[in-house]
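The values are calculated or read from the model by the stated rules, or taken from the named source; none is laboratory data. Since this is a predicted model, take the numbers as computed values, not measurements. Quick reminder, even Gly has a Cβ in these numbers, built from the backbone with ideal geometry, and neighbours come from all protein chains shown. Accessible surface is based on the protein model in full, side chains and every heavy atom, while ligands, DNA and RNA are left aside. Shrake-Rupley method; radii C 1.70, N 1.55, O 1.52, S 1.80 Å.
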Amino acid sequence: MTEAVGPAAKRILVTGGTGLVGKAIEKVVADGEGRPDEEWIFVSSRDADLTNAMETKALFEQHKPTHVIHLAAMVGGLFKNIRYNLDFWRRNIHINDNVLHSAYETGVQKVVSCLSTCIFPDKTTYPIDESMVSISIPMYNLGGMVPALLNSLLSHPQIHNGPPHSSNFGYSYAKRMIDIQNRGYCEQYGCRFTAVIPTNVFGPHDNFNIEDGHVLPGLIHKVYLAKETGSALTIWGTGKPRRQFIYSLDLARLFLWVLREYDEVEPIILSVGEEDEVSIKEAAETIVEAMDFRGDLVFDTTKADGQFKKTASNAKLRRYLPNFQFTPFRQAVKETCAWFSANYANARK
């Protein structure tokens, strides 16, 4: 916990504070991005079970935050999502509802939640952006009695013009509902609740579990083991799907900007540019280079590829921050591989 000074201090509670993004925020704050009037509190599942409403409310009453960055979630890679779609839906719905309602009840001034590009419809055009998620629904005669929230849902950008990819529908729908809740709390109570939509995040303190983690940390772990054992590197799927990867430390710096400066209820995509999208094969080759792996690469095409692409535009972000510098992908991968190798014994895997 970092302590603030002065009478107008902000108390910023970070849920999921020991995970990939939480650790990155903690690092950039400690490395000089924090401000004297900010007190940062990083909590994890050891501090409270956020699926439990009473424990969540008690956590908020204990720390009395003025601001919240909500990162806590049940997360996992493609194959974990396929196996546990219902669990992803139920746990995340409970977590999000408890956190947002406790924030409202305890008078939190602003909440920034974390969504994902997987919330967008599977069948769409690319690049996806914040304006594409609007829906067009005819306004039938309701006798002039259109509730404010319904009017908001019909007239503002939404993420409901098609189902998400079937592989992770539970997680995707649960994350979509944060947008609904943010608008509801804004309409009914005037709350400053918003959300960010990052693309594929990676970096130190990731979950490097091969079965349940995301693709890039899983590949890093596979390369590490293949190099140790002198075996071939087996990559699940064809290697053709494409992703935009954002380094966790870059995302952390952007989270601080959103918390301090971004005032829209509409979510904002936080991503590298479309030109920085890479295939899974290219990502694997970058890891191979970073870890100096000399063995063979084998693609197991009996494994599912998942969604082929979900290219996102960062044009809105660039309008706000035209000069923001992202860490080059190769450098970020090299730093992440070095962290994993140095912390192999204690890394999540």
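Side notes on the structure shown:
- Angle in degrees between helix 329-342 and the longest Cα principal axis of the chain, rounded to the nearest 10: 80 degrees
- Rounded percent of accessible protein surface that carbon and sulfur make up, the stretch 168-302, 1.4 Å probe: 47 percent
- Rel. contact order, % - alpha carbon contacts under 8 angstrom, at least six apart, the stretch 184-295: 37 percent
- Relative contact order of the chain, pairs being alpha-carbon contacts under 8 Å that are 6 or more residues apart, as %: 19 percent
- Largest to smallest accessible area among Glu38, Glu264, Glu187 [probe 1.4 Å]: Glu187, Glu264, Glu38
- Residues in the stretch 1-114 average 47 Å² of solvent-accessible surface per residue, probe 1.4 Å, ligands and nucleic acids excluded.
- For the chain, the mean residue ellipticity at 222 nm estimated from helices alone is -12000 deg cm²/dmol, where every DSSP H run of n ≥ 4 contributes -39500 (n - 2.57) and the total is divided by all residues, rounded to the nearest 500.
- Nearest-20 debye value, the chain charge dipole, Cβ charges on Lys, Arg, Asp, Glu: 400 debye
- For the chain, fraction of C-alpha pairs farther apart than 34 Å, in %: 25 percent
- Projecting the Cα atoms of Thr124, Phe255, Asn200 onto the charge dipole of the chain (Cβ charges, centred on the Cα centre) puts Thr124 farthest toward the positive pole.
- In terms of the mean number of neighbouring beta-carbon atoms within 10 Å, the peptides 71-80, 297-306, 13-22 order highest first as 13-22, 71-80, 297-306.
- Compared with the dominant Cα axis of the chain, that is its longest principal axis, helix 215-229 is turned about 20°.
- Portion, in percent, of the accessible area of the stretch 61-113 that falls on carbon or sulfur, probe 1.4 Å: 51 percent
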